[in-house]
Amino acid sequence: MELDRLIFFKKKKKIGLAGWWGGRNEGDRYILKTLKRSFGRDFDLDVINIPFRGDPSMIGYLNKLDFLIVGGGGLFTINFPEPFDTYDEWGESLKTPFGFLGVGVQEVNERLSGTFASIIEKSTFFSVRDTGSYEISKKYSDKADKIFDLTFLSPRKITTSGNDRTMGVNLRVWNFDGRRTYDNSAWCHAINGLKQPKIKIPLSFLRGIDDRKAMEGIASGYSRTFSMGLYKKIGLMLGMRLHSLIFAVQNNIPPIGISYTPKIQRFFDDMNLQECCLGINDHDKLSSLVERVNNDKKRIGPVLDGYNEH
């Protein structure tokens with residue numbers, strides 16, 4: 001009896017970490033690594049890929065957890081990913097407490113507004129990663145809170161070489177439908193027109209959304225895989241993927257964003273570097289912005305330092 005009680009008290013609480021871990025995206029991978037580093041010593045962690053089904057079998061599995069964390073990455077857009085789009089159908093069956101940590105809220109479809117409000121209210125916590133997400137979420141519940149991107153819990157720090165002339169480049173495939181697309185060839189042409197050396201830095205490698213495919217039209221140095229060592233070689237970062245820019249900021253490398261979705265512009269708004277973010281059709285403005293940023297690094301550096309010290 002005493003042995004049974006000792007085993008019970010030694011047992012770690014089982015925590016589910018749900019996120020976009022199966023997409024072969026370096027940003028999501030590092031968020032998961034950060035969460036494991038933050039919770040791993042004290043809890044028994046169970047990694048769960050989004051999307052997952054909200055069927056009785058899965059809900060039964062989740063109900064064996066002590067707590068469920070949905071962490072990092074985008075989530076709430078026009079259509080919520082499975083199973084949160086059908087939360088009203090299965091939510092009452094979920095008995096395990098849950099919370100959202102560092103997610104993004106791009107927009108909420110009016111049709112799903114009641115579902116969204118219910119999700120926030122029933123969460124133990126609902127923390128988003130940028131001011132824009134917070135402004136939307138707080139309309140539905142006072143429980144909404146704002147934190148920073150989860151990678152800032154364990155920043156990816158490297159020793160840079162100080163090579164101010166070389167620019168890192170990241171583009172992503174973005175042609176999911178007619179409403180969400182961009183002129184990839186125009187961006188490649190604008191990037192090729194820049195005189196400074198360039199290195200392509202891919203972050204996503206899943207078939208159909210492989211960054212290497214999006215950057216085939218850029219004539220520059222290439223990496224078939226991701227490595228933080230690539231950031232040692234650059235003095236400026238041009239990126240479409242959020243974490244291609246975040247990793248640069250964490251190492252005081254001036255960023256230039258291409259805002260293919262609101263989360264990119266919101267990141268620059270929160271840093272107070274709005275002028276360093278281009279719209280999805282602003283490829284004709286790239287050359288002049290690169291020149292301005294290169295000439296303004298002494299001002300931008302302390303801004304990045306201040307953001308990193310938040």
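Is the stretch 82-101 home to any residue that is touching a residue at least 40 places away in the same chain (Cβ under 8 Å), in contact with a helix residue (DSSP H, G or I) (Cβ under 8 Å, 6 or more places away or on another chain) and not aromatic (Phe, Trp, Tyr)?
Among the residues of the stretch 82-101, at least one is touching a residue at least 40 places away in the same chain (Cβ under 8 Å), in contact with a helix residue (DSSP H, G or I) (Cβ under 8 Å, 6 or more places away or on another chain) and not aromatic (Phe, Trp, Tyr), which makes the answer yes.
Let me spell it out: the conditions are (1) over 28 Å from Leu153 (Cβ atoms); (2) open to solvent by 20 Å² or more (accessible area, probe 1.4 Å); (3) of a type in the set (Gly, Ala, Ser), and Ser259 meets all of them except one. Which number is the exception?
With respect to (1) over 28 Å from Leu153 (Cβ atoms); (2) open to solvent by 20 Å² or more (accessible area, probe 1.4 Å); (3) of a type in the set (Gly, Ala, Ser), Ser259 is out only on (1).
Being open to solvent by less than 60 Å² (accessible area, probe 1.4 Å) and not in a loop (DSSP other than H, G, I, E, B) is the filter here; which residues of the stretch 173-191 pass it?
Pass one, the stretch 173-191, residues open to solvent by less than 60 Å² (accessible area, probe 1.4 Å): 173-174, 182, 184, 186-188, 190-191.
Result: Asn184, Ala186, Trp187, Cys188, Ala190, Ile191.
Where in the stretch 1-119 are there strands (runs of 3 or more DSSP E), lying wholly inside it, with at least 1 residues that are buried (at least 17 other Cβ atoms within 10 Å of the Cβ) and under 14 Å from the mean Cα position of the chain (by Cα)? Before the answer, list the steps.
Details: elements: 13-19, 43-49, 67-71, 74-76, 98-105.
It comes to 13-19, 67-71, 74-76, 98-105.
Check Gln265 against each of (1) of a type in the set (S, T, N, Q); (2) modelled with pLDDT of 95 or more; (3) in contact with a Lys or Arg (Cβ under 9 Å, 6 or more places away or on another chain) and name the one condition it does not meet.
Gln265 satisfies every listed condition except (3).
Suppose we filter Lys200, Lys146 for residues that are under 25 Å from Val103 (Cβ atoms) and not aromatic (Phe, Trp, Tyr); which single one remains?
Working: Lys200 fails: under 25 Å from Val103 (Cβ atoms).
Of the residues listed, the single one that is under 25 Å from Val103 (Cβ atoms) and not aromatic (Phe, Trp, Tyr) is Lys146.
On the given criteria, is Ile158 within 30 Å of Ala219 (Cβ to Cβ) and open to solvent by less than 70 Å² (accessible area, probe 1.4 Å)? Let's see the steps before the verdict.
Working: within 30 Å of Ala219 (Cβ to Cβ): yes; open to solvent by less than 70 Å² (accessible area, probe 1.4 Å): yes.
For Ile158, the condition - within 30 Å of Ala219 (Cβ to Cβ) and open to solvent by less than 70 Å² (accessible area, probe 1.4 Å) - is met.
Can you tell me which condition Ser288 does not meet? The list is (1) more than 20 Å from Arg156 (Cβ to Cβ); (2) among the small types (Gly, Ala, Ser); (3) in contact (Cβ under 8 Å) with a residue 12 or more places away in the chain, and all the others hold.
(3)
The values are calculated or read from the model by the stated rules, or taken from the named source; none is laboratory data. Just so it is clear, the model here is predicted, and its values are computed rather than measured. Quick reminder, even Gly has a Cβ in these numbers, built from the backbone with ideal geometry, and neighbours come from all protein chains shown. Areas reflect the complete protein model, heavy atoms only, side chains present, ligands, DNA and RNA absent. Shrake-Rupley method; radii C 1.70, N 1.55, O 1.52, S 1.80 Å.
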